[in-house]
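Report on one structure; see the data block that follows.
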Amino acid sequence: MDKLIIRGGLPLKGEVAISGAKNAALPIMAASLLSSGVHTIRHIPKLRDVITMGKILTNMGLNVAFENGNVSINSSSVSNFEAPYDLVKTMRASVLVLCPLVARFGRARVSLPGGCAIGARPINLHLMGLEKMGAKIELEEGYVVATAGRLKGASIYFDIPTVTGTENLMMAAAIAQGTTILENAAREPEVIDLANCLISMGAKIKGAGESLIEIEGVDELKPIRDYPVIPDRIETATFISIAGITGGDLTLTGCRPAHIDAMIMKLRDAGLVFEITEDSMRVKGPDRPIAKDAKTQPYPGFPTDMQAQFMSLMSIADGTSVIKETIFENRFMHVAELKRMGADIMIEGGTATVKGVRRLKGAHVMATDLRASASLVVAALKAEGESTIHRIYHLDRGYEQMDEKLRKIGAQISREKDSA
(Lines give C-alpha, C1' and ligand atoms only; values in the text may rest on other atoms or scores of the structure.)
Protein backbone atom coordinates (compact mmCIF):
# COMPACT_ATOMS: atom_id res chain seq x y z
CA MET A 1 0.00 0.00 0.00
CA ASP A 2 1.28 3.46 -0.90
CA LYS A 3 1.12 6.88 0.73
CA LEU A 4 1.57 10.40 -0.63
CA ILE A 5 3.82 12.97 1.01
CA ILE A 6 2.98 16.55 0.05
CA ARG A 7 4.67 19.80 1.02
CA GLY A 8 2.04 22.49 0.55
CA GLY A 9 1.91 26.24 0.16
CA LEU A 10 3.05 26.52 -3.46
CA PRO A 11 0.97 28.18 -6.20
CA LEU A 12 0.70 25.62 -8.98
CA LYS A 13 1.11 26.68 -12.60
CA GLY A 14 1.12 24.88 -15.92
CA GLU A 15 -0.91 22.54 -18.10
CA VAL A 16 -2.87 19.42 -17.13
CA ALA A 17 -4.21 16.91 -19.67
CA ILE A 18 -7.54 15.52 -18.48
CA SER A 19 -7.93 11.74 -18.67
CA GLY A 20 -10.87 9.71 -19.89
CA ALA A 21 -13.80 9.37 -17.53
CA LYS A 22 -13.75 6.28 -15.33
CA ASN A 23 -17.52 6.40 -14.94
CA ALA A 24 -17.95 6.37 -18.72
CA ALA A 25 -15.25 3.78 -19.45
CA LEU A 26 -16.65 1.12 -17.11
CA PRO A 27 -20.17 0.80 -18.61
CA ILE A 28 -18.77 1.01 -22.14
CA MET A 29 -16.39 -1.86 -21.38
CA ALA A 30 -19.34 -3.82 -19.96
CA ALA A 31 -21.27 -3.12 -23.17
CA SER A 32 -18.78 -5.33 -25.02
CA LEU A 33 -20.75 -8.28 -23.58
CA LEU A 34 -23.72 -7.33 -25.77
CA SER A 35 -22.04 -8.28 -29.05
CA SER A 36 -19.64 -10.93 -30.33
CA GLY A 37 -16.40 -9.72 -31.88
CA VAL A 38 -13.45 -7.42 -31.27
CA HIS A 39 -14.24 -4.10 -29.59
CA THR A 40 -11.85 -1.12 -29.53
CA ILE A 41 -12.29 1.74 -27.07
CA ARG A 42 -10.05 4.82 -26.93
CA HIS A 43 -9.11 7.34 -24.19
CA ILE A 44 -9.29 4.70 -21.46
CA PRO A 45 -7.79 5.90 -18.15
CA LYS A 46 -5.22 3.69 -16.45
CA LEU A 47 -7.02 3.19 -13.14
CA ARG A 48 -7.55 0.42 -10.60
CA ASP A 49 -11.29 0.27 -11.34
CA VAL A 50 -10.71 0.01 -15.09
CA ILE A 51 -8.19 -2.79 -14.55
CA THR A 52 -10.68 -4.52 -12.24
CA MET A 53 -13.36 -4.38 -14.94
CA GLY A 54 -10.83 -5.87 -17.35
CA LYS A 55 -10.21 -8.73 -14.89
CA ILE A 56 -13.96 -9.35 -14.52
CA LEU A 57 -14.35 -9.61 -18.30
CA THR A 58 -11.24 -11.79 -18.57
CA ASN A 59 -12.66 -14.09 -15.90
CA MET A 60 -15.71 -14.53 -18.16
CA GLY A 61 -13.54 -15.70 -21.02
CA LEU A 62 -13.11 -12.44 -22.92
CA ASN A 63 -9.67 -11.37 -24.11
CA VAL A 64 -8.82 -7.89 -22.79
CA ALA A 65 -5.70 -5.97 -23.80
CA PHE A 66 -4.73 -2.46 -22.66
CA GLU A 67 -2.23 -0.48 -24.73
CA ASN A 68 -1.36 3.23 -24.95
CA GLY A 69 -4.61 4.53 -23.50
CA ASN A 70 -6.80 2.15 -25.52
CA VAL A 71 -8.42 -1.19 -24.79
CA SER A 72 -9.21 -4.07 -27.12
CA ILE A 73 -11.84 -6.58 -25.97
CA ASN A 74 -12.57 -9.80 -27.84
CA SER A 75 -15.98 -11.07 -26.76
CA SER A 76 -16.24 -13.86 -29.31
CA SER A 77 -15.96 -16.49 -26.59
CA VAL A 78 -17.83 -15.98 -23.31
CA SER A 79 -17.48 -19.09 -21.19
CA ASN A 80 -18.39 -17.93 -17.69
CA PHE A 81 -21.40 -15.87 -16.60
CA GLU A 82 -20.25 -15.05 -13.07
CA ALA A 83 -18.67 -11.93 -11.60
CA PRO A 84 -17.08 -13.30 -8.40
CA TYR A 85 -16.91 -11.61 -5.01
CA ASP A 86 -13.10 -11.38 -5.01
CA LEU A 87 -13.25 -8.99 -7.98
CA VAL A 88 -16.57 -7.25 -7.37
CA LYS A 89 -15.92 -6.43 -3.68
CA THR A 90 -13.68 -3.45 -4.52
CA MET A 91 -15.88 -1.79 -7.14
CA ARG A 92 -19.60 -1.07 -7.14
CA ALA A 93 -19.65 -0.54 -10.93
CA SER A 94 -19.05 -4.27 -11.43
CA VAL A 95 -22.83 -4.67 -11.31
CA LEU A 96 -22.83 -3.20 -14.83
CA VAL A 97 -22.11 -6.66 -16.27
CA LEU A 98 -25.42 -7.99 -14.91
CA CYS A 99 -27.84 -6.71 -17.55
CA PRO A 100 -25.64 -7.31 -20.61
CA LEU A 101 -25.14 -10.94 -19.53
CA VAL A 102 -28.86 -11.54 -18.97
CA ALA A 103 -29.82 -9.73 -22.19
CA ARG A 104 -27.43 -11.66 -24.44
CA PHE A 105 -27.04 -15.03 -22.69
CA GLY A 106 -30.14 -15.30 -20.50
CA ARG A 107 -28.20 -15.80 -17.28
CA ALA A 108 -25.85 -14.11 -14.85
CA ARG A 109 -24.47 -14.64 -11.37
CA VAL A 110 -23.02 -11.41 -9.99
CA SER A 111 -21.79 -10.77 -6.47
CA LEU A 112 -23.45 -7.91 -4.66
CA PRO A 113 -21.14 -4.95 -5.29
CA GLY A 114 -18.64 -3.17 -3.06
CA GLY A 115 -16.63 0.03 -3.52
CA CYS A 116 -16.43 3.18 -1.39
CA ALA A 117 -18.12 3.03 2.02
CA ILE A 118 -20.15 6.21 1.49
CA GLY A 119 -23.64 4.77 1.85
CA ALA A 120 -25.84 1.79 1.09
CA ARG A 121 -26.32 2.50 -2.65
CA PRO A 122 -28.59 -0.54 -3.17
CA ILE A 123 -29.14 -2.11 -6.59
CA ASN A 124 -32.84 -2.78 -6.04
CA LEU A 125 -33.78 -0.47 -8.93
CA HIS A 126 -31.60 -2.50 -11.33
CA LEU A 127 -33.31 -5.70 -10.21
CA MET A 128 -36.79 -4.19 -10.33
CA GLY A 129 -36.22 -3.15 -13.94
CA LEU A 130 -34.86 -6.57 -14.95
CA GLU A 131 -37.87 -8.29 -13.41
CA LYS A 132 -40.22 -6.01 -15.33
CA MET A 133 -38.41 -7.07 -18.51
CA GLY A 134 -39.07 -10.73 -17.72
CA ALA A 135 -36.04 -11.90 -15.74
CA LYS A 136 -36.26 -14.13 -12.68
CA ILE A 137 -34.14 -12.77 -9.83
CA GLU A 138 -32.89 -14.71 -6.82
CA LEU A 139 -30.39 -13.81 -4.09
CA GLU A 140 -28.06 -16.65 -3.14
CA GLU A 141 -25.24 -16.30 -0.59
CA GLY A 142 -24.44 -12.71 -1.50
CA TYR A 143 -24.95 -13.18 -5.24
CA VAL A 144 -27.64 -11.95 -7.60
CA VAL A 145 -28.69 -14.86 -9.81
CA ALA A 146 -30.72 -13.78 -12.84
CA THR A 147 -32.21 -15.95 -15.58
CA ALA A 148 -34.43 -15.11 -18.55
CA GLY A 149 -35.47 -15.95 -22.06
CA ARG A 150 -35.25 -13.00 -24.41
CA LEU A 151 -35.98 -9.89 -22.37
CA LYS A 152 -39.06 -7.89 -23.31
CA GLY A 153 -39.46 -4.12 -23.39
CA ALA A 154 -41.16 -2.51 -20.41
CA SER A 155 -42.03 0.82 -18.86
CA ILE A 156 -39.70 1.37 -15.91
CA TYR A 157 -39.91 4.24 -13.43
CA PHE A 158 -36.99 4.99 -11.11
CA ASP A 159 -38.03 6.29 -7.68
CA ILE A 160 -34.77 8.20 -7.66
CA PRO A 161 -32.40 8.83 -10.58
CA THR A 162 -29.72 6.13 -10.64
CA VAL A 163 -26.74 6.36 -12.96
CA THR A 164 -25.70 2.71 -12.96
CA GLY A 165 -29.33 1.60 -12.91
CA THR A 166 -30.10 3.71 -15.98
CA GLU A 167 -26.98 2.41 -17.73
CA ASN A 168 -27.60 -1.23 -16.84
CA LEU A 169 -31.21 -1.26 -18.02
CA MET A 170 -30.41 0.78 -21.13
CA MET A 171 -27.95 -1.97 -22.12
CA ALA A 172 -30.54 -4.67 -21.42
CA ALA A 173 -33.18 -2.82 -23.44
CA ALA A 174 -30.85 -2.39 -26.44
CA ILE A 175 -31.34 -6.03 -27.47
CA ALA A 176 -34.66 -6.75 -25.75
CA GLN A 177 -37.80 -7.46 -27.74
CA GLY A 178 -39.95 -4.36 -28.13
CA THR A 179 -39.67 -0.87 -26.66
CA THR A 180 -38.46 0.09 -23.20
CA ILE A 181 -39.23 3.43 -21.53
CA LEU A 182 -36.99 4.59 -18.66
CA GLU A 183 -38.65 7.37 -16.64
CA ASN A 184 -36.86 9.59 -14.12
CA ALA A 185 -33.63 8.37 -15.70
CA ALA A 186 -30.22 9.73 -14.75
CA ARG A 187 -29.05 12.57 -17.02
CA GLU A 188 -25.27 12.47 -16.44
CA PRO A 189 -22.86 12.89 -19.37
CA GLU A 190 -21.63 9.34 -18.72
CA VAL A 191 -25.16 8.04 -19.45
CA ILE A 192 -25.15 10.00 -22.72
CA ASP A 193 -21.72 8.60 -23.60
CA LEU A 194 -22.90 5.03 -23.11
CA ALA A 195 -26.00 5.74 -25.20
CA ASN A 196 -23.86 7.19 -27.99
CA CYS A 197 -21.61 4.13 -27.88
CA LEU A 198 -24.62 1.79 -28.04
CA ILE A 199 -26.03 3.80 -30.96
CA SER A 200 -22.69 3.37 -32.75
CA MET A 201 -23.22 -0.39 -32.28
CA GLY A 202 -26.66 -0.21 -33.89
CA ALA A 203 -28.92 0.44 -30.89
CA LYS A 204 -32.01 2.65 -31.24
CA ILE A 205 -32.04 5.07 -28.32
CA LYS A 206 -33.81 8.43 -27.95
CA GLY A 207 -33.67 10.91 -25.08
CA ALA A 208 -30.35 10.09 -23.39
CA GLY A 209 -29.50 13.08 -21.21
CA GLU A 210 -33.18 13.70 -20.49
CA SER A 211 -35.35 12.23 -17.76
CA LEU A 212 -37.23 9.98 -20.23
CA ILE A 213 -35.27 7.57 -22.42
CA GLU A 214 -36.87 5.40 -25.10
CA ILE A 215 -35.06 2.30 -26.37
CA GLU A 216 -36.34 0.20 -29.25
CA GLY A 217 -34.73 -3.20 -29.02
CA VAL A 218 -32.85 -4.70 -31.97
CA ASP A 219 -31.99 -8.31 -32.71
CA GLU A 220 -28.23 -7.84 -32.46
CA LEU A 221 -25.52 -5.22 -32.10
CA LYS A 222 -22.19 -4.71 -33.86
CA PRO A 223 -18.89 -4.60 -31.93
CA ILE A 224 -17.66 -1.24 -30.62
CA ARG A 225 -15.33 0.31 -33.19
CA ASP A 226 -12.75 2.88 -32.08
CA TYR A 227 -15.08 4.67 -29.66
CA PRO A 228 -13.49 7.50 -27.58
CA VAL A 229 -14.51 7.84 -23.93
CA ILE A 230 -15.45 11.37 -22.82
CA PRO A 231 -13.07 13.36 -20.56
CA ASP A 232 -13.45 13.00 -16.80
CA ARG A 233 -15.53 15.92 -15.50
CA ILE A 234 -14.73 15.13 -11.85
CA GLU A 235 -10.99 15.13 -12.50
CA THR A 236 -11.47 18.44 -14.32
CA ALA A 237 -13.36 19.97 -11.39
CA THR A 238 -10.82 18.60 -8.90
CA PHE A 239 -7.98 20.40 -10.69
CA ILE A 240 -10.09 23.56 -10.76
CA SER A 241 -10.31 23.27 -6.96
CA ILE A 242 -6.55 22.81 -6.81
CA ALA A 243 -6.03 26.01 -8.80
CA GLY A 244 -8.47 27.77 -6.48
CA ILE A 245 -6.99 26.67 -3.17
CA THR A 246 -3.34 27.27 -4.16
CA GLY A 247 -3.89 30.59 -5.95
CA GLY A 248 -2.58 28.80 -9.02
CA ASP A 249 -2.88 29.31 -12.77
CA LEU A 250 -3.74 26.08 -14.57
CA THR A 251 -4.70 25.28 -18.15
CA LEU A 252 -6.78 22.11 -18.41
CA THR A 253 -6.73 20.51 -21.85
CA GLY A 254 -8.92 17.83 -23.39
CA CYS A 255 -11.86 18.56 -21.07
CA ARG A 256 -15.56 19.35 -21.55
CA PRO A 257 -16.39 22.52 -19.59
CA ALA A 258 -20.06 22.18 -20.60
CA HIS A 259 -20.27 19.05 -18.41
CA ILE A 260 -19.54 21.00 -15.21
CA ASP A 261 -21.52 24.22 -15.68
CA ALA A 262 -22.89 24.12 -12.13
CA MET A 263 -19.42 23.74 -10.65
CA ILE A 264 -17.94 26.50 -12.78
CA MET A 265 -20.70 28.93 -11.82
CA LYS A 266 -20.22 28.16 -8.13
CA LEU A 267 -16.43 28.60 -8.27
CA ARG A 268 -16.65 31.73 -10.37
CA ASP A 269 -18.81 33.19 -7.59
CA ALA A 270 -16.12 32.08 -5.13
CA GLY A 271 -13.56 34.27 -6.90
CA LEU A 272 -11.92 31.94 -9.41
CA VAL A 273 -11.34 33.34 -12.90
CA PHE A 274 -12.04 31.22 -16.01
CA GLU A 275 -11.13 31.46 -19.68
CA ILE A 276 -13.15 28.72 -21.40
CA THR A 277 -13.17 27.12 -24.83
CA GLU A 278 -15.10 24.09 -26.03
CA ASP A 279 -12.42 21.61 -24.93
CA SER A 280 -10.09 23.49 -22.58
CA MET A 281 -10.03 26.09 -19.84
CA ARG A 282 -7.61 28.31 -18.00
CA VAL A 283 -8.30 28.71 -14.27
CA LYS A 284 -6.75 31.31 -11.97
CA GLY A 285 -7.19 31.06 -8.23
CA PRO A 286 -7.73 34.12 -6.01
CA ASP A 287 -5.57 35.15 -3.07
CA ARG A 288 -8.35 33.75 -0.91
CA PRO A 289 -11.65 32.30 -2.15
CA ILE A 290 -15.02 33.68 -1.07
CA ALA A 291 -17.21 31.37 1.02
CA LYS A 292 -20.18 29.98 -0.89
CA ASP A 293 -22.91 27.49 0.02
CA ALA A 294 -23.49 24.30 -1.96
CA LYS A 295 -26.10 21.56 -2.12
CA THR A 296 -25.42 18.30 -3.95
CA GLN A 297 -28.02 17.31 -6.51
CA PRO A 298 -28.37 14.87 -9.42
CA TYR A 299 -26.97 16.13 -12.72
CA PRO A 300 -27.05 18.87 -13.92
CA GLY A 301 -26.84 20.11 -10.32
CA PHE A 302 -23.77 20.36 -8.09
CA PRO A 303 -22.12 16.90 -8.17
CA THR A 304 -21.85 14.82 -5.02
CA ASP A 305 -18.48 13.60 -6.34
CA MET A 306 -17.15 17.17 -5.87
CA GLN A 307 -18.57 17.87 -2.42
CA ALA A 308 -15.42 16.82 -0.54
CA GLN A 309 -13.02 18.75 -2.80
CA PHE A 310 -15.23 21.85 -2.63
CA MET A 311 -15.23 21.57 1.17
CA SER A 312 -11.43 21.62 1.17
CA LEU A 313 -11.52 24.82 -0.88
CA MET A 314 -14.11 26.38 1.43
CA SER A 315 -12.04 25.44 4.49
CA ILE A 316 -9.69 28.38 3.76
CA ALA A 317 -12.33 30.71 2.26
CA ASP A 318 -13.23 34.15 3.55
CA GLY A 319 -16.46 33.60 5.48
CA THR A 320 -18.70 30.67 6.38
CA SER A 321 -20.22 28.20 3.93
CA VAL A 322 -22.98 25.64 4.38
CA ILE A 323 -22.64 22.41 2.39
CA LYS A 324 -25.59 20.03 2.19
CA GLU A 325 -25.15 16.43 1.03
CA THR A 326 -28.42 15.03 -0.36
CA ILE A 327 -27.24 12.05 -2.43
CA PHE A 328 -25.31 9.76 -0.04
CA GLU A 329 -25.93 9.42 3.69
CA ASN A 330 -22.33 8.80 4.74
CA ARG A 331 -20.22 11.14 2.67
CA PHE A 332 -18.64 13.35 5.32
CA MET A 333 -15.93 10.93 6.43
CA HIS A 334 -13.25 13.32 5.15
CA VAL A 335 -14.30 15.97 7.68
CA ALA A 336 -12.41 14.44 10.61
CA GLU A 337 -9.25 14.32 8.50
CA LEU A 338 -9.61 17.92 7.32
CA LYS A 339 -10.02 18.97 10.95
CA ARG A 340 -6.67 17.32 11.70
CA MET A 341 -5.21 19.85 9.27
CA GLY A 342 -6.86 22.75 11.09
CA ALA A 343 -10.17 23.10 9.24
CA ASP A 344 -13.13 24.41 11.26
CA ILE A 345 -16.09 22.23 10.26
CA MET A 346 -19.23 21.24 12.16
CA ILE A 347 -21.53 18.42 11.03
CA GLU A 348 -25.25 18.14 11.77
CA GLY A 349 -27.02 15.41 9.87
CA GLY A 350 -26.43 15.91 6.17
CA THR A 351 -25.17 19.48 6.58
CA ALA A 352 -21.62 20.74 7.12
CA THR A 353 -20.94 24.28 8.30
CA VAL A 354 -17.46 25.35 7.25
CA LYS A 355 -15.85 28.43 8.82
CA GLY A 356 -12.95 29.45 6.66
CA VAL A 357 -9.54 29.62 8.34
CA ARG A 358 -6.50 31.47 7.05
CA ARG A 359 -4.11 28.54 7.29
CA LEU A 360 -4.14 24.78 7.14
CA LYS A 361 -1.27 22.80 8.61
CA GLY A 362 0.28 19.58 7.40
CA ALA A 363 -0.72 16.37 9.18
CA HIS A 364 -0.98 12.61 8.82
CA VAL A 365 -4.42 11.86 7.38
CA MET A 366 -6.27 8.76 6.19
CA ALA A 367 -8.20 8.45 2.92
CA THR A 368 -11.57 6.76 3.48
CA ASP A 369 -12.98 6.74 -0.05
CA LEU A 370 -12.20 7.92 -3.57
CA ARG A 371 -13.38 11.54 -3.44
CA ALA A 372 -12.33 11.96 0.20
CA SER A 373 -8.79 11.06 -0.84
CA ALA A 374 -8.92 13.77 -3.53
CA SER A 375 -10.13 16.32 -0.99
CA LEU A 376 -7.15 15.54 1.25
CA VAL A 377 -4.77 16.07 -1.68
CA VAL A 378 -6.46 19.43 -2.42
CA ALA A 379 -6.10 20.51 1.23
CA ALA A 380 -2.51 19.25 1.54
CA LEU A 381 -1.43 21.33 -1.46
CA LYS A 382 -2.43 24.43 0.54
CA ALA A 383 -1.35 23.34 4.01
CA GLU A 384 1.81 24.70 5.61
CA GLY A 385 4.48 22.05 6.08
CA GLU A 386 4.26 18.39 5.20
CA SER A 387 1.19 16.21 4.93
CA THR A 388 1.13 12.43 4.59
CA ILE A 389 -1.95 10.84 3.06
CA HIS A 390 -2.36 7.16 3.85
CA ARG A 391 -4.43 4.50 1.99
CA ILE A 392 -4.22 6.26 -1.36
CA TYR A 393 -5.31 3.13 -3.22
CA HIS A 394 -8.68 4.90 -3.15
CA LEU A 395 -7.16 7.76 -5.16
CA ASP A 396 -5.72 5.34 -7.70
CA ARG A 397 -9.21 3.95 -8.32
CA GLY A 398 -10.36 7.22 -9.88
CA TYR A 399 -7.46 9.55 -10.75
CA GLU A 400 -4.91 8.60 -13.38
CA GLN A 401 -1.34 9.30 -12.23
CA MET A 402 -2.47 12.25 -10.14
CA ASP A 403 0.85 12.61 -8.32
CA GLU A 404 2.72 12.77 -11.64
CA LYS A 405 0.34 15.39 -13.02
CA LEU A 406 0.75 17.48 -9.87
CA ARG A 407 4.53 17.21 -9.98
CA LYS A 408 4.54 18.59 -13.54
CA ILE A 409 2.73 21.76 -12.41
CA GLY A 410 5.07 22.46 -9.51
CA ALA A 411 3.78 20.44 -6.57
CA GLN A 412 6.25 18.93 -4.11
CA ILE A 413 4.78 15.47 -3.90
CA SER A 414 6.21 11.96 -3.58
CA ARG A 415 4.79 8.45 -3.40
CA GLU A 416 6.23 5.94 -0.96
CA LYS A 417 5.40 2.49 0.36
CA ASP A 418 3.36 2.74 3.52
CA SER A 419 4.52 0.41 6.28
CA ALA A 420 1.42 1.40 8.27
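The values are calculated or read from the model by the stated rules, or taken from the named source; none is laboratory data. No experiment lies behind these values; they were computed from the predicted model shown. Quick reminder, even Gly has a Cβ in these numbers, built from the backbone with ideal geometry, and neighbours come from all protein chains shown.
Summary of values
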quantity	calculated
Single residue of region 313-349 satisfying the filter (farther than 26 Å from V163 by Cβ and among the acidic types (D, E)) that is surrounded by the most Cβ atoms within 10 Å (Cβ to Cβ)	E337
Residue match in region 19-40 (condition: in a helix (DSSP H, G or I), more than 19 Å from the chain's Cα centre (by Cα) and either surrounded by fewer than 21 Cβ atoms within 10 Å (Cβ to Cβ) or of a type in the set (K, R) (or both))	no
Residue among T304, T277 that is within 20 Å of the chain's Cα centre (by Cα) and β-branched (V, I, T)	T304
Residue under evaluation D287, criteria (1) farther than 22 Å from F328 by Cβ; (2) touching a Ser or Thr at 6+ places or on another chain (Cβ under 7 Å); (3) not in a helix (DSSP H, G or I); (4) not aromatic (F, W, Y), criterion not met	(2)
Only one of S414, S373 that is among the small types (G, A, S), touching a strand residue (DSSP E or B) at 6+ places or on another chain (Cβ under 9 Å) and exposed (fewer than 14 other Cβ atoms within 10 Å of the Cβ)	S414
So L198, is it touching a residue at least 60 places away in the same chain (Cβ under 8 Å), part of a helix (DSSP H, G or I) and under 24 Å from N63 (Cα atoms)	yes
Single unsatisfied condition, H259 versus (1) closer than 26 Å to A186 by Cα; (2) surrounded by fewer than 19 Cβ atoms within 10 Å (Cβ to Cβ); (3) not β-branched (V, I, T)	(2)
Hits in region 350-366 - residues which are of a type outside the set (D, E, K, R) and either touching a strand residue (DSSP E or B) at 6+ places or on another chain (Cβ under 6 Å) or surrounded by fewer than 24 Cβ atoms within 10 Å (Cβ to Cβ) (or both)	G350, T351, A352, T353, V354, G356, V357, G362, A363, H364, V365, M366
Region 159-187 - residue that is hydrophobic (A, V, I, L, M, F, W, C) and more than 16 Å from G106 (Cβ to Cβ) and, of those, modelled with the lowest pLDDT	I160
Residue list for region 147-187, restricted to those being farther than 17 Å from K206 by Cα, buried (at least 19 other Cβ atoms within 10 Å of the Cβ) and more than 26 Å from the chain's Cα centre (by Cα)	A148, L151
T253 being under 22 Å from A380 (Cα atoms), in the same structural domain as A294 (by TED's automatic domain parsing) and either in contact with a helix residue (DSSP H, G or I) (Cβ under 9 Å, 6 or more places away or on another chain) or surrounded by fewer than 23 Cβ atoms within 10 Å (Cβ to Cβ) (or both)	no
Top-ranked residue of region 1-57 - restricted to ones that are out of contact with any strand residue (DSSP E or B) (no Cβ under 6 Å at 6 or more places or on another chain) and polar (S, T, N, Q), ranked as nearest to L96 (Cα to Cα)	N23
Some residue of region 210-222 being surrounded by 24 or more Cβ atoms within 10 Å (Cβ to Cβ) and either touching an Asp or Glu at 6+ places or on another chain (Cβ under 9 Å) or in a helix (DSSP H, G or I) (or both)	yes
